[in-house]
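*Asks:* Once you've had a glance at the structure underneath, I'll fire off some questions.
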Protein chains: 2
Amino acid sequence: MTGLARSTVAARVDALMAKGFISPVSEAQSTGGRPPSLFALTPDARLVVGVDLGASHVNVAIADLTGAVIVKERHQIAIAAGPEEVLGSVVSVTSALLATLGRANRDLLGIGIGLPGPVEHATGKPVTPPIMPGWDGFDVPAWVRQRIDVPVLVDNDVNMMALGERSMRWPSVDDLIFVKVATGIGSGIISGGELQRGANGIAGDIGHIPIARGADILCHCGNLGCLEAVASGPAIARRLRDSSRQADTGADVVQLVRGGDIDAIQAVRQAGRDIGEVLATCVSIINPSVIVIGGLMAQAGEHLIAGVREVVYTRSMPLATEHLTIVQSQTAADAGIIGASILSIDHALSNGVLDELESRA
Amino acid sequence: MTGLARSTVAARVDALMAKGFISPVSEAQSTGGRPPSLFALTPDARLVVGVDLGASHVNVAIADLTGAVIVKERHQIAIAAGPEEVLGSVVSVTSALLATLGRANRDLLGIGIGLPGPVEHATGKPVTPPIMPGWDGFDVPAWVRQRIDVPVLVDNDVNMMALGERSMRWPSVDDLIFVKVATGIGSGIISGGELQRGANGIAGDIGHIPIARGADILCHCGNLGCLEAVASGPAIARRLRDSSRQADTGADVVQLVRGGDIDAIQAVRQAGRDIGEVLATCVSIINPSVIVIGGLMAQAGEHLIAGVREVVYTRSMPLATEHLTIVQSQTAADAGIIGASILSIDHALSNGVLDELESRA
């Protein structure tokens with residue numbers, strides 16, 4: 001299958017065994033000749049770090065080579081404090097977590113970091129991120145690598161979530177859209193099995209697509225009627241305040257819905273319809289087989305997703321919805337750290353990174 | 001770079017030379033040791049066939065291994081006559097063109113066929129194509145291969161056009177949308193350098209996305225307000241008939257525009273704005289760096305594209321439009337046959353097809 005000579009394969013298997021990456025698991029069934037052997041990856045031979053940064057939180061995980069999280073830690077931070085303070089905290093949390101496992105930097109294959117803004121794919125630098133003052137053009141990979149010398153991969157947080165959700169729940173699905181509905185609204189798109197970044201790293205940025213019901217609502221981006229200005233957590237909270245409810249944030253809305261507040265339930269369902277309006281268009285353009293709804297507002301239960309389904313199944317072409325599944329995220333708050341870990345693992349195992357790291361070890 | 005041993009490379013280069021695929025072009029600059037040699041592909045060592053089928057035409061080309069069209073022929077057909085009659089015509093035109101070149105089936109590496117409907121990527125079978133009665137599920141590759149025994153690749157016509165336009169005009173662009181505006185409206189999407197088909201082979205099917213101005217207009221698909229029902233060639237012609245113009249088809253509209261008819265110019269410009277409304281959303285979702293407008297209606301000159309630009313640059317996010325180019329197709333009616341040829345060449349040169357074909361020769 002590889003096109004490599006038998007002797008080459010044997011030499012490489014020996015090298016991987018010597019480094020502890022793989023070990024024999026059993027004698028396989030022989031079809032004649034020398035009995036073949038089966039080898040499996042040793043999951044914790046090396047580790048990766050997965051980081052999910054939001055406007056006000058950092059979530060850091062150490063994962064093994066299968067992407068399983070071994071240990072994780074979540075802190076409050078202010079992304080607006082700037083890259084050096086925030087990334088400094090990421091580095092110290094990483095070191096502390098490694099210490100609890102009795103492991104060191106040399107056991108790491110890489111670090112994946114999800115940021116809440118657009119990221120230039122080739123360089124890992126944030127590009128005019130609206131909620132991240134001080135981060136524009138900051139060389140995140142270089143800064144982190146000066147402290148922990150392993151490959152550092154940076155991507156948009158929702159892209160990471162799409163990767164994480166797919167690897168955990170939909171490993172055989174090649175066309176998937178992950179939609180995060182929280183303070184903002186964004187999506188990560190996997191098409192033909194590949195994460196799509198677009199020309200400027202902002203593919204999937206659906207929060208500022210105008211929707212019909214938003215004509216009079218001003219968005220913080222300066223336009224009228226953006227999806228995010230109508231259907232995000234804060235937008236729903238604002239509407240509920242107009243009906244005299246105590247709702248300052250998306251989390252308050254989720255609480256009201258869980259408490260059975262009818263106005264809150266109706267508002268969340270309508271937000272689902274608004275999101276569905278944009279997703280119906282995404283379905284025509286991308287033709288996914290799975291849409292996953294995640295982020296804080298998805299925790300309001302089935303109301304949000306019921307609104308999404310109502311509109312998508314009404315408005316999209318029959319052929320596009322015949323086998324389309326629309327579901328709630330199953331990885332909850334961990335999608336981001338899992339995806340960031342997976343991105344690191346894929347990079348390390350496919351780009352000769354192993355050779356480079358091992359040659360220094 | 002390949003990871004292959006020097007002796008393996010030498011053996012393969014010798015084999016390719018023996019078959020006439022490559023020939024030495026010059027002695028390269030030596031960096032010490034045995035002088036290296038430069039080889040180049042011999043463009044017409046083998047040929048491919050590129051076929052573009054529309055509702056009422058078939059365009060067949062024979063191209064060389066660089067995708068350059070050597071000879072081509074265009075006929076009127078009725079796609080509704082069914083697959084056997086239409087594909088029979090494709091086969092006989094192909095044989096006739098090969099004969100004029102003094103070449104035979106054994107010189108072919110493959111045939112690419114673009115169809116005006118959804119195609120299941122894995123099998124090359126049309127899937128419930130609306131304007132192709134009798135074609136649903138028909139095994140196009142098998143039928144053609146029984147007559148000309150080479151790999152047959154089938155895809156949607158607009159996907160082929162996207163490939164053709166990219167290879168001829170934008171070879172270094174990885175994120176491009178090709179929009180065909182004719183009797184219908186559709187698009188082919190190249191993201192991250194790869195043609196995107198989606199889960200059911202209908203990615204890019206933008207003709208049935210509802211637009212604001214279409215609320216009262218019934219589409220042949222059964223929904224209200226689809227882009228295609230408002231902005232396609234026949235839709236514009238219908239509007240002009242209401243103003244007492246002689247316009248039965250999109251071609252009539254193009255004629256009126258070329259003749260300076262103000263109502264026709266305004267109607268085409270407005271259709272451009274309608275298409276722009278949908279493309280502004282595509283820009284947020286896909287984040288392309290190039291949008292190409294092709295198809296018959298693009299031949300109405302700058303009026304259509306001016307309308308598209310007007311809306312896309314107004315409505316899309318600044319970061320997404322900063323480096324976005326929106327242009328008219330440069331390959332005119334040949335985009336489809338060029339793309340179909342390119343698809344065949346890429347398949348043949350990357351999938352061991354050469355070995356298979358040569359072992360039978």
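Read the figures in this text as sums done on the coordinates, not as results from a lab. Being a predicted model, the structure only gives us computed values, none of them experimental. Ideal geometry is used to build each Cβ from the backbone, glycine not excepted, and the neighbour counts take in all protein chains shown.
*Asks:* Once amide H atoms are placed 1.01 Å from N in the peptide plane, what residues at a sequence separation of 5 or more from B:L47, or on another chain, have their amide H within under 5 Å of its amide H?
*Replies:* B:L108, B:L109
*Asks:* Once phi is turned into θ = phi - 60°, what whole-Hz ³J(HN,Hα) does the Karplus curve with 6.51, -1.76 and 1.60 give for every residue of the range A:180-197, x standing for Gly and Pro?
*Replies:* 9, 10, 8, 4, x, 10, x, 9, x, 10, 10, 10, x, x, 10, 5, 9, 9
*Asks:* Starting with the highest mean, order A:208-215, B:110-117, B:157-164 by the number of other Cβ atoms within 10 Å, averaged over the residues of each peptide.
*Replies:* Averaged packing, sorted descending, gives the order B:157-164, B:110-117, A:208-215.
*Asks:* Averaged over all directions, how much area does the convex hull of the C-alpha atoms of the range A:167-330 cover when projected, in nm²?
*Replies:* Across all orientations, the range A:167-330 yields a mean hull projection of 9.5 nm².
*Asks:* Oh, and also: Using the Karplus curve 6.51 cos²θ - 1.76 cosθ + 1.60 with θ = phi - 60°, work out ³J(HN,Hα) for each residue of the range B:129-140 in order, rounded to whole Hz, and write x for Gly and Pro.
*Replies:* x, x, 9, 10, x, x, 9, 4, x, 5, 7, 4
*Asks:* Let me ask something additional. Let me confirm one metric for peptide B:311-323, namely the mean number of other chain beta-carbon atoms within 10 Å of its residues' beta-carbons.
*Replies:* 4
*Asks:* Starting from the Cα of A:R145, step 7 Å along the direction of its Cβ; do the same at B:A99; then give the gap between the two resulting points in nm.
*Replies:* My value for the distance between the label points is 6.3 nm.
*Asks:* Further, regarding this structure: Separation of the range A:254-278 and the range B:244-279 by C-alpha centroid, Å?
*Replies:* Each part's Cα centre sits 43 Å from the other's.
*Asks:* Based on DSSP, what percent of beta bridges with both residues in chain B are antiparallel, to the nearest 5?
*Replies:* The antiparallel proportion sits near 60 percent.
*Asks:* Taking the Cα atoms of the range A:210-264, what is the range of coordinates along each of the three principal axes, in descending order and whole Å?
*Replies:* Its Cα atoms span 34, 17, 16 Å along the three principal axes.
*Asks:* Viscosity 1.567 mPa s, temperature 4 °C: give me the Stokes-Einstein translational D for the range B:234-361 in µm²/s, with Rh taken as the Kirkwood radius over C-alpha pairs.
*Replies:* In µm²/s, the coefficient rounds to 77.
*Asks:* For the range B:232-244, just list the computed ³J(HN,Hα) in residue order, Karplus coefficients 6.51, -1.76 and 1.60, θ = phi - 60°, integers in Hz, with x standing in for Gly and Pro.
*Replies:* 6, x, x, 5, 5, 4, 4, 5, 6, 4, 4, 9, 6
*Asks:* What is the spin-label model distance, in nm, from A:A212 to B:I70 if the labels are put 7 Å beyond Cα along the C-beta direction?
*Replies:* Label-label distance for A:A212 and B:I70, simple model: 5.5 nm.
*Asks:* Just to be sure I understand: if I project the alpha-carbon convex hull of chain A onto a plane and average over all orientations, what area do I get in nm²?
*Replies:* The Cα convex hull of chain A, projected and averaged over all directions, gives 21.2 nm².
*Asks:* Cut-off under 18 Å on the C-alpha distance; same-chain residues fewer than 8 positions from B:K19 excluded. Which aspartates and glutamates are left, in chain and number order?
*Replies:* Leaving aside aspartates and glutamates fewer than 8 places away in the same chain, those within reach of B:K19 are B:D44, B:D64, B:D107, B:D355, B:E356, B:E358.
*Asks:* If you don't mind, there's one more thing I want to ask. Say R0 is 35 Å: what FRET efficiency, to the nearest 0.05, do B:E322 and B:D242 get from their beta-carbon distance?
*Replies:* E(calc), rounded to 0.05, equals 0.30.
*Asks:* For B:D216, which inter-copy label distances result when the label point lies 7 Å beyond Cα on the Cα-to-Cβ vector, reported in nm to one decimal and in ascending order?
*Replies:* Copy-to-copy label distances for B:D216: 2.4 nm.
*Asks:* Same structure again: For the protein assembly as shown, just list the percent of Cα-Cα distances falling in each 10 Å bin from zero outward, please.
*Replies:* Result returned by the calculation: 3, 13, 21, 23, 20, 14, 6, 1, 0.
*Asks:* Got the A:S23 label distances to the other copies yet, label 7 Å along Cα→Cβ, in nm, shortest first?
*Replies:* Going from nearest to farthest copy, the values are 6.0 nm.
*Asks:* Sticking with this structure for a sec: Could you give the distance between the Cα centres of the range A:315-339 and the range B:172-192, to the whole Å?
*Replies:* Using only Cα atoms, the two centres lie 25 Å from each other.
*Asks:* Hey, got the average number of other protein chain Cβ atoms within 10 angstrom for residues in B:205-211?
*Replies:* 5
*Asks:* Could you work out the helix-only [θ] at 222 nm for the protein assembly as shown, with each DSSP H run of four or more residues adding -39,500 (n - 2.57) and the total divided by the number of residues, to the nearest 500 deg cm²/dmol?
*Replies:* -12500 deg cm²/dmol
*Asks:* Taking a point 7 Å out from Cα toward Cβ as the label site, list the nm distances between A:R258 and the same residue in every other copy, smallest first.
*Replies:* Counterpart label points of A:R258 in the remaining copies fall at 6.8 nm.
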